[in-house]
Amino acid sequence: MTVSVEWLDDWDAIAARAGDTLDRAHRPILFDRLHWYRLMGRHLYPEAPPAVLHANGGWLFLVGDGPRRAVALSKWYGLAWRSIGDDPAALEAMLIETGRRYDRLILNPLDPAEGSRLGTALKRAGWQVFSDCVSTNWTIDVTGKSFADFWRERPGQLRNTAARRIKRHPLAITIHRQFDASAWADYESIYADSWKPSEGSMPFLRALAEQEGAAGTLRLGIAKDSHGRAIAAQFWLVENGVATIHKLAHREGAKEISPGTILSHAMFRTAIDEDRVTRIDFGLGNEPYKAEWMDTPNPIHRIDAYRPGSLRGLAGIGREHAARLVRRLRGG
């Protein structure tokens, strides 16, 4: 049976075609929702219209990124990206159609299951696929556990450090479940005074916090010192039994009292004992401290796919083979 594929490059047209199928009620994961993609499109790709494919209820959210090249509509705030829908024929048809417009696809970040599914579908659609592990996602399953259970399983050094810091430097901690403009101002001030690099789009993060605060999933933790100065902040979302840590920062001048550790202790306790989550997700990155709080590292993949029937595609394939040969020769 022939699968009909359509391109959509206007958010209102996408919304009209999707109806409520990409809304919160039907999509339990934030990164599968139209509101998420639309928010990213408005703030992170303001000059690039979306390049979205739809077929038989399946979706591919892409955006053009140079001549004959498209990337997953994700950017640095997206902790996961995937094709939406369960019909393999629809996915293959959309990828064949993508090859009529683009010679290269960059799809990232992908969990192993999605990387395998997309890799297979891309090959069937005529693309040449190169996959690399590019990051790590740390998680922990806390099903049926209290915070006390979770805390007993953490490394002794972390528990001892937290106990000393909490006793010596008591902080006033507030966890906001709805958007609060004053708390958000504290978050922005802390981030600007932290070790973190310049934020990609603070307006995007604020819009996300406002959206999720209205939905009741926001957990914005602010820690203040004895002088009432906000010195640490964490931006979590809690939904459908999963707590996801999106952002965290502390003032560089306060690092000797470990305000991040103290705030994390409170955030984890609230998520486990009050929200009764079953899983906590520490986002992307393999920073050593994450292993103290989590127990499962999950590889994150990136796919670079090329269309062999074009000169640009063939050139890209050649570059990929050359780069892999160099890495092998260097022992990488």
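Observations on the structure shown:
- Conditions (1) in contact with a strand residue (DSSP E or B) (Cβ under 9 Å, 6 or more places away or on another chain); (2) outside any loop (DSSP other than H, G, I, E, B): number failed by GLY78: (2)
- Any hit, region 244-267, residues being of a type in the set (D, E, K, R), surrounded by 14 or more Cβ atoms within 10 Å (Cβ to Cβ), assigned to a strand (DSSP E or B) and outside the structural domain of GLY115 (by TED's automatic domain parsing): yes
- Only residues that are exposed (fewer than 14 other Cβ atoms within 10 Å of the Cβ) and either among the hydrophobic types (A, V, I, L, M, F, W, C) or not assigned by TED's automatic domain parsing to the domain that holds GLY126 (or both) were counted in region 304-322, giving 3.
- Flag if THR244 is among the hydroxyl-bearing types (Ser, Thr, Tyr), touching an Asp or Glu at 6+ places or on another chain (Cβ under 6 Å) and under 27 Å from GLN157 (Cβ atoms): yes
- Residue list for region 280-303, filter: crowded, with 17+ Cβ neighbours inside 10 Å, more than 18 Å from CYS133 (Cβ to Cβ) and aromatic (Phe, Trp, Tyr): TRP293
- In region 272-287, the residues that are under 19 Å from the mean Cα position of the chain (by Cα) and either over 17 Å from PRO155 (Cβ atoms) or not aliphatic (A, V, I, L, M) (or both): VAL277, THR278, ARG279, ASP281, PHE282, GLY283, LEU284, GLY285, ASN286, GLU287
- Residues that are touching a strand residue (DSSP E or B) at 6+ places or on another chain (Cβ under 7 Å) and over 30 Å from MET267 (Cβ atoms), drawn from region 281-311: ILE303, ASP304, ALA305, TYR306, PRO308
- Residue list for region 99-130, filter: in contact with a Gly (Cβ under 9 Å, 6 or more places away or on another chain) and polar (S, T, N, Q): ASN108, GLN128
- Pair list, Cβ < 8 Å and 6+ apart or interchain, from region 121-140 residues that are without any contact (Cβ under 8 Å) to a residue 60 or more places away in the chain to residues that are part of a strand (DSSP E or B) and surrounded by 18 or more Cβ atoms within 10 Å (Cβ to Cβ): LYS123/VAL129
The values are calculated or read from the model by the stated rules, or taken from the named source; none is laboratory data. Quantities reported herein were computed from a predicted structural model and do not represent experimental measurements. All Cβ positions, even for glycine, are placed from backbone atoms using ideal geometry, and neighbour counts span all protein chains on display.
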